[in-house]
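What follows is a single structure, written as structure tokens, with notes after it.
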Amino acid sequence: MLDLKFIRENTELVRQAIADRQDSASLDEIIEIDALRRQKLLTIEGKRRERKELARGKRAEAADKGRELREIVKNLDDELRDLDCRLNDLLLRVPNIPQPSVPIGKSEDDNIVLRTFGELPEFEFQPSPHWKLGEDLGIIDFERGARLSGTRFYVLKGAGSRLQRALINFMLDLHSKEHGYQEIYPPFMVKRECMVGSSNLPKFADNLYHDEEDDLWFVPTAEVPLTNMHRDEIISPGILPIYYVADTACLRREKMSAGKDTRGIKRGHQFDKVELYKFTEPQNSNDELEKLLNDAESVCLKLGLPYRIKELCTADLGFAATKSYDIEVWAPGCGEWLEVSSCSNCGDFQARRANIRCRPTPESKPRFVHTLNGSGLALPRIVIAIMENYQQADSSITIPDVLRKYMGEKVIR
């Protein structure tokens, strides 16, 4: 979240950032409530001083006046608490400030393609989309998925299930053994304050699954528990940067994408994702973002998939991000580029919400860390890319070399 003092002193900068993001955060209401709150604090302090002065007297009328002032202060305190709650809720809905280098845009159409890798495959036959391949091979069962859980659910079977498991194991091994990330297996349900700390609440409540009885929230991404691994901590000197990698199920209502991508497994209420997460010193976070992007795109390179890197414009930035890159892989059966990773520098936005600080030296005053996250990579879209890029004329699918030791087979027939 943004510091209230920063908003107060840089109101027009924040206002422009909200406009550039095409967001609707209530900045004027924040300024108004902040001014009212500060005025009320002055009034309360004045009434308390008046009470102290009256307490020095012993006359009956002084005691009566003191009781009256005590009731006034109590009512003012109640009003102040209400203002604090309203102000905090509004502050939690203000997005992060984009870095100056981020391109200004009005929609995802204004994102910039930085580079493309690999040749788009050419087929001597009409390539099939993954939903047809999946049904032909008996590895994706849409009917039973819908029967079990409703729309936007599916069942992976046999080699389809093994392909997903092979990809997860391959990516976890790559990032933990070659890229220096510590593997984490976190809970898939978290407390409310963890959702607030990771910037999912209150803004995205409608898109989250919630157990009301215990007030536990199902994670929409491993970013949520990983953000809160160091909640309310001061990280000692010499520890940063910290790199984590985790595979979790991701559970989302997908209300924000109603009507989109209803066919196949591109967008579901449940999917797996290998998540990369970093805690860094503030001065190093942009360099760490470039490394994070390289780590994520190395998966595409090793799988032999054509992909491209896009820099996101202001309108398409994630709520918590100051700067982001997307990795998209080519899906020839669908005939489109599929996002499989979004790598973001969130600055100290999440760290302020989760109260995560560090000391550069033992004598230093604690300061907020910077956090970064990115998919490394997201399933099932990488499954789609493999199925559609490696398909053969007889609908079989050749397994990429790096996955064969994990699957124990070379072809899905």
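Give the peptides 79-88, 291-300 in descending order of average Cβ contacts within 10 Å, highest first. Provide the component values of the computation, followed by the final result.
Numbers: 79-88: 14.0, 291-300: 21.7.
In decreasing order of mean packing, 79-88, 291-300 become 291-300, 79-88.
What Kirkwood radius, in Å to one decimal, follows from the Cα pairs of region 225-308? Walk me through the numbers on the way to the answer.
Details: mean 1/r = 0.0631 Å⁻¹.
The Cα-based Kirkwood calculation yields 15.9 Å.
Residues with beta-carbon under 11 Å from that of ASP295, excluding ASP295: net charge, scoring Lys, Arg +1 and Asp, Glu -1?
Numbers: positive: LYS278, LYS291; negative: GLU178, GLU288, GLU290, GLU297.
Spelling it out: positives minus negatives among the neighbours equals -2.
Taking the Cα centre of the chain as the origin and placing charges on Cβ (Lys, Arg +1; Asp, Glu -1), which of SER364, ILE97, GLY304 is farthest toward the positive end of the dipole?
Farthest along the dipole direction, towards plus: SER364.
Dipole of the chain (Lys/Arg Cβ +1, Asp/Glu Cβ -1, origin at the Cα centre): which of ILE412, ALA222, GLY150 lies farthest to the positive side?
Positive-most Cα among the choices belongs to ALA222.
For region 4-91, what size does the Cα cloud have along each of its three principal axes, sorted from largest down, in whole Å?
Extents along the principal axes, in whole Å: 63, 20, 12.
What's the local net charge at ALA393, with K and R +1, D and E -1, over the other residues with C-beta under 14 Å away?
Within the 14 Å Cβ shell, the charges total -3.
Out of LEU289, LEU13, LEU216, any idea which swings most in a Gaussian network model of the chain, alpha carbons joined below 10 Å?
LEU13
For the chain, list the DSSP H helices whose alpha carbon atoms reach 15 Å or more along the long axis and whose average Kyte-Doolittle value is -1.0 or above?
Numbers: long enough: 27-55 (42 Å, -0.78); 60-91 (46 Å, -0.78); 159-173 (20 Å, 0.23); 285-303 (28 Å, -0.34).
Within the chain the helices that satisfy the rule are 27-55, 60-91, 159-173, 285-303.
Defining a contact as two alpha carbons under 8 Å apart and six or more residues distant in sequence, what relative contact order in percent does the chain show?
Numbers: 762 pairs, mean separation 82.7, N = 413.
With pairs under 8 Å counted, the relative contact order is 20 percent.
Which residue fluctuates most in the GNM of the chain (Cα springs below 10 Å): SER199, SER341, SER395?
For the chain, modelled as a Gaussian network with Cα springs under 10 Å, the answer is SER395.
Taking the Cα centre as origin and putting +1 on Lys and Arg beta-carbons and -1 on Asp and Glu beta-carbons, what dipole magnitude results for region 246-301, to the nearest 20 debye?
Working: 10 positive and 11 negative charges, 136 e Å.
About 660 debye.
Provide the percentage of antiparallel DSSP beta bridges, counting only those with both residues in the chain; round to the nearest 5. Mind dumping the intermediate values first?
Numbers: 50 of 55 bridges.
Bridges in the chain that DSSP calls antiparallel: roughly 90 percent.
Put +1 on the Cβ of each Lys and Arg and -1 on the Cβ of each Asp and Glu in the chain; which of LEU133, LEU69, ILE382 then has its Cα farthest toward the positive end of the dipole?
Working it through, the farthest residue towards the positive pole turns out to be LEU69.
Cut-off under 26 Å on the C-alpha distance; same-chain residues fewer than 8 positions from LYS65 excluded. Which lysines are left, in chain and number order?
List returned: LYS40, LYS47, LYS52, LYS74.
Compute the length gained on full extension between GLU119 and VAL411: take 0.36 nm times their separation in residues and subtract their Cα-Cα distance, giving the result in nm to one decimal. The partial results should precede the final answer.
Working: separation 292, 0.36 × 292 = 105.12 nm, distance 2.20 nm.
Residue separation times 0.36 nm, minus the Cα-Cα distance, leaves 102.9 nm.
Coordinate-derived values only; no laboratory data. Remember, it's a predicted structure, so these values are computed and weren't measured experimentally. Don't worry about glycine lacking a Cβ; one is built from the backbone with ideal geometry, like all the others, and counts go over all protein chains shown.
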